[in-house]
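Trainee: Supplied in structure tokens, the structure appears directly below.
Read-outs throughout are calculated quantities, based only on the coordinates presented, and are distinct from any laboratory measurement. Just so it is clear, the structure is predicted and the values come from calculations on it, not from any experiment. Please note: Cβ atoms are built from the backbone with ideal geometry, for glycine as well, and neighbour counts cover all protein chains shown.
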Amino acid sequence: MNSSIHPTLSDLEVKLEANRCLNCYDAPCMHACPTHIDVASFIGKIATNNLKGSARVIMDANPMGASCARVCPTEQLCEGACVYHEAGDSPIRIGDLQRYAVDYAMHNDLELFEPGPATGRRVAIVGGGPAGLSAARDLRRIGHAVTIFDAHDELGGLNTYGIVPFRLDLETALWEAQQVVRMGVEVRTSTRVGGDVGVEQLLRDYDAVVLACGMGNVPKLDIPGEDLEGVWDALDFIERAKIGQDVGPLGNHVAVIGAGNTAIDALTCSKRLNKEARVTCYYRRGEAQMPAYQFEYDFAKQEGVEFRFFCAPTRILGENGRVTGVEFVRTTLIDGNVAIIPGSEFVEPVDTVMRAIGQSRLLETLDDAGVAHHRGVVRVDESLQTSRAGIFAAGDCIFARGMGEAMVVEAAEQGKRAARSIDAYIKTCHGK
């Protein structure tokens with residue numbers, strides 16, 4: 001189940017691919033990357049065997065460069081902008097080359113960056129996922145002291161706990177986090193802000209606070225039968241599978257409700273855990289409305305996952321306390337809204353149900369922080385400062401529906417922006 005889906009390039013393949021780069025002026029690939037990695041520079045260094053230098057260029061722009069080399073939709077970003085498309089040729093395999101360079105740094109345990117001279121100022125970061133780690137890394141490079149508070153036992157957020165291992169292995173996610181910690185970041189894991197420690201205390205003890213707390217678990221379907229054994233929160237399932245905990249028998253038929261990237265991960269993970277099982281995605285809209293990346297959808301189909309569109313669950317059936325089936329109703333779209341087709345109910349026998357319909361918002365933490373938010377989406381200005389002076393926010397907690405698909409690379413860029421804004425804020429408040 002842990003076998004990586006990413007191809008391993010030979011040294012010769014890497015050299016041939018790297019030497020295809022045209023070193024374009026005003027390179028469109030660099031502009032297409034939310035963190036603006038200097039793609040031509042890192043590829044040029046690969047071509048001249050300077051792999052440490054290549055990895056440094058990547059990680060300088062993107063503190064999550066190792067993860068993004070595995071999970072970014074490169075065909076939509078850097079590779080999608082490659083000028084080779086205009087010539088009818090295949091784009092440079094930027095993601096594979098990025099992975100090759102950063103893996104060299106990881107496997108040789110290189111430390112790529114050092115902290116700056118101490119400024120005497122302290123910043124608290126709530127959440128150790130991509131946005132929080134990126135902010136922490138850049139704040140340490142400036143010289144500010146940083147403490148990360150995270151509710152989990154390990155740092156990395158969804159990179160560590162919420163992405164299946166054959167897309168992003170645990171070793172890579174933890175190495176990336178350790179690159180930040182080694183710069184002298186203090187870490188307080190298993191600590192929930194808003195519970196174990198309050199934001200008001202953080203404001204007293206630190207010069208600024210970053211809310212990079214992401215989101216919570218998958219919300220309930222609000223249908224009968226959700227308390228039956230065999231009903232999973234997809235994120236809980238993925239977490240257990242990734243860290244090697246037993247998930248129990250999945251049975252002959254697994255049903256996943258939802259069609260985003262988490263749903264795809266739950267589907268493909270289930271299929272790899274039980275190749276003989278029937279694994280089916282059920283989605284209330286159509287194929288064209290799926291939130292999942294296209295390459296994720298294509299991969300799931302190649303793995304043998306089935307997809308059933310325009311159907312919504314109405315209740316979960318069970319016997320002796322365990323799931324035995326799901327009743328669905330067929331749907332249609334009217335002016336873009338989901339409408340139920342009366343009398344279209346049908347029952348699917350299933351053994352396991354996973355809900356993957358998005359994530360809930362961490363309202364308790366945001367209310368404790370006293371920041372303005374709309375249904376759990378934190379409101380920020382252009383500098384990523386919230387409604388409270390000294391509190392900034394980045395990552396999924398400022399992401400709202402309708403903004404497009406949230407990506408690790410976007411969270412990394414927001415973390416960098418938050419670090420710059422905090423540095424400017426501290427200088428304004430306290431002087432240089």
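Trainee: Hey, what angle do you get for helix 94-107 against the long axis of the chain, alpha-carbon based, 0 to 90 degrees rounded to 10?
Mentor: 70 degrees
Trainee: Size of segment 158-308 along its principal axes in angstrom, Cα-based, largest extent first?
Mentor: Taking max minus min along each principal axis of the Cα atoms, segment 158-308 gives 53, 35, 33 Å.
Trainee: Please enumerate, by chain and number, the lysines with C-alpha under 24 Å from the C-alpha of residue 301, excluding those fewer than 8 residues away in the same chain.
Mentor: 242, 271, 275
Trainee: Using the Cβ atoms and a cut-off under 10 Å, what net charge is assigned to the surroundings of residue 170, where Lys and Arg are +1 and Asp and Glu are -1?
Mentor: Taking every Cβ under 10 Å from that of residue 170, the sum is -2.
Trainee: Then there is this: Can you pull a Stokes-Einstein diffusion coefficient for segment 39-162 at 37 °C (0.692 mPa s), Rh from Kirkwood over Cα pairs, as a whole number of µm²/s?
Mentor: The calculation lands on 205 µm²/s.
Trainee: Among 337, 19, 49, which one shows the highest mean-square fluctuation when the chain is modelled as a Gaussian network with alpha-carbon springs under 10 Å?
Mentor: 337
Trainee: Please report how far the C-alpha centroid of segment 72-107 lies from that of segment 273-336, rounded to the nearest whole angstrom.
Mentor: 31 Å
Trainee: Out of residues 5 or more away from residue 253 or on other chains, whose amide H comes under 5 Å of its own, with H placed 1.01 Å from N in the peptide plane?
Mentor: Long-range HN contacts for residue 253: 278, 351, 352.
Trainee: Something else about it: List the GluC sites (Glu not before Pro) within segment 343-432 that DSSP assigns to loop and that have no more than 12 neighbouring Cβ atoms inside 10 Å.
Mentor: Within segment 343-432, the qualifying GluC sites (Glu not before Pro) (loop, at most 12 other Cβ atoms within 10 Å) are 382.
Trainee: What GluC sites (Glu not before Pro) does segment 193-281 have in DSSP loop regions with at most 11 other beta carbons within 10 Å?
Mentor: Loop-located and lightly packed - 276.
Trainee: While we're here: For the chain, set up a GNM with springs between Cα atoms under 10 Å and report which of 383, 134, 344 has the largest fluctuation.
Mentor: Comparing 383, 134, 344 in the GNM, the peak value goes to 344.
Trainee: Report, in deg cm²/dmol and to the nearest 500, the calculated mean residue ellipticity at 222 nm for the chain, where each DSSP H run with n ≥ 4 adds -39500 (n - 2.57) and the sum is divided by the residue count.
Mentor: -10500 deg cm²/dmol
Trainee: Which cross-chain or sequence-distant (5 or more) residues have an amide H under 5 Å from the amide H of residue 307, H modelled 1.01 Å from N in plane?
Mentor: Amide H neighbours of residue 307, under 5 Å, 5+ apart: 281.
Trainee: Okay, next question. Round to the nearest 10 and give me the degree value, 0 to 90, for the angle of helix 261-273's Cα axis relative to the longest principal axis of the chain.
Mentor: Helix 261-273 sits at roughly 70 degrees to that axis.
Trainee: Quick check on the chain: what does the Kirkwood estimate of hydrodynamic radius come out to from the alpha carbon pairs, in Å?
Mentor: The answer is 22.9 Å.
Trainee: In the neighborhood of residue 78, defined by Cβ-to-Cβ distances under 12 Å, what is the net charge if each Lys or Arg adds +1 and each Asp or Glu adds -1?
Mentor: Result for the neighbourhood of residue 78: -3.
Trainee: Then there's this: For segment 105-167, max minus min Cα coordinate along each principal axis, in Å, sorted largest first?
Mentor: Principal axes ranked by extent give 41, 30, 16 Å for the Cα atoms.
Trainee: Given contacts defined as C-alpha pairs under 8 Å and at least six residues apart, what's the relative contact order of the chain, whole-number percent?
Mentor: So the answer I get is 17 percent.
Trainee: Mind checking Rg over Rh on segment 229-313, alpha carbons, Kirkwood formula for Rh?
Mentor: Radius of gyration over Kirkwood radius for segment 229-313 works out to 0.94.
Trainee: Averaging sequence separations of C-alpha pairs under 8 Å and six or more residues apart, then dividing by the length of segment 85-188, give the relative contact order as a whole percent.
Mentor: 27 percent
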